[in-house]
Every structure is written in structure tokens, then in C-alpha cells.
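The values are calculated or read from the model by the stated rules, or taken from the named source; none is laboratory data. As the structure is a computational prediction, the values presented were derived from the model and not from experiment. Reconstructed Cβ throughout: ideal geometry from the backbone, glycine too, with neighbour counts over all protein chains shown.
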């Protein structure tokens, strides 16, 4: 189908999201996905060229602390339920800088993921009819809550089923950034 550039969560958050997927019988388990927030989608990709670009990009950017603020759905024909982070300056800046790099590297990307259109989210389940969407939403609402998380790495996958090509760690986050964007309590 295509390629996706994905930001991956810390281990604890990954386990919580995978537990939610188990509880609702998410398609993400069947397609071999890892919990993530997608930065961009691509119809084609020069994998070796992009590997060098992404490795350099991640070496120059910090891990991003995020706060998951809601469970939501997209207003689309295909039922999609997702976790939504609070949109912070560090998250938007990383996204904007990444897309600037794609543009200067002449890498085409899906318009829905470009700055001004992007809705950062972690898909819990997709391809849901109205009834499944409603009951899965209710289940998710009552499951273990995940509030604070960290986006720790970025990787490239081909999807359906998901095949990961590579993943690079972001740099350690400064304590002041955590304090600024993750409220106490």
C-alpha cells in the first residue's frame, strides 16, 4: 500500500496501548503494527536515501514528552478510534522541521500529514462499522488510562501488513522540557 514514517512510544506506554488493542480486538494486532503516531505517508520511497536522512534528523532532535488528553474518532466513512495527545510546541516543531526536510529532499508525502492538516494521533482500531465503533469506544473509555508518554524513536515502515525497515532513537530529553509540557499530578 505505501510507506509511513512513525514516531514510537516509550516501553510502558507501548505496553498499555497494546493491552488496549488486545481488549478491543484491534486490527493493529493482525497487521503487525507497533503503537505510534504517524509523521508522514508516502506512495514510494528510496529506502537507502531516506535512511541517511532520518538517521541525521533523529540525531538532532530530542525525545518528546506528551500528554494523552482524549480518546476520539475521525469523522470519516471508515471508522477510526484513536488516542490524541495535547498538541505542544515541541511536537509541532518536530513535525514542521521533518516536513521541511522532506520538501528540501524532494520526498513526496500525503497532504493529510503536512503541516496545517496533520492531526497527531495513535490509532486504537480502524475499519470499524458504526456499531463496532460505538462499543469499542465505550470499552476504551473504561480501560487503563495512559496520560504521560514519551515519543522516543522514529522509523520507516511499509504497511499492510506492517514491515519495519529501520528505527532511530531520538536524543535524551532535558528535564526542563518534561516539566514544561507534562503537568504534575
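Remarks
- Of the residues making up the stretch 95-106, those that are under 18 Å from residue 2 (Cβ atoms) and surrounded by fewer than 19 Cβ atoms within 10 Å (Cβ to Cβ) are 105, 106.
- Across the stretch 138-147, the qualifying residues are those that are closer than 20 Å to residue 120 by Cα and in contact with a helix residue (DSSP H, G or I) (Cβ under 9 Å, 6 or more places away or on another chain), and the one among them that is modelled with the highest pLDDT is 140.
- Look at (1) within 22 Å of residue 143 (Cα to Cα); (2) in a helix (DSSP H, G or I); (3) touching a strand residue (DSSP E or B) at 6+ places or on another chain (Cβ under 7 Å) and you find that residue 54 fails only one, number (1).
- Matching residues in the stretch 148-173 - criterion: being farther than 19 Å from residue 95 by Cα and modelled with pLDDT under 85: 160
- Enumeration of residues in the stretch 56-65 that are under 18 Å from the mean Cα position of the chain (by Cα) and more than 20 Å from residue 110 (Cβ to Cβ): 58, 61, 62, 63, 64, 65
- Of the residues making up the stretch 12-45, those that are under 14 Å from the mean Cα position of the chain (by Cα) and either without any contact (Cβ under 8 Å) to a residue 40 or more places away in the chain or outside any loop (DSSP other than H, G, I, E, B) (or both) are 13, 14, 17, 18, 28, 36, 37, 38, 39, 40, 41.
- The set of residues in the stretch 163-172 that are within 18 Å of residue 48 (Cα to Cα) and outside any strand (DSSP E or B) is empty.
- Within the stretch 46-62, being touching a residue at least 60 places away in the same chain (Cβ under 8 Å) and surrounded by 15 or more Cβ atoms within 10 Å (Cβ to Cβ) holds for 50, 51, 54, 57, 58, 61, 62.
- Unique match (being surrounded by 16 or more Cβ atoms within 10 Å (Cβ to Cβ), at pLDDT 95 or above and outside any strand (DSSP E or B)) among 115, 90, 65: 90
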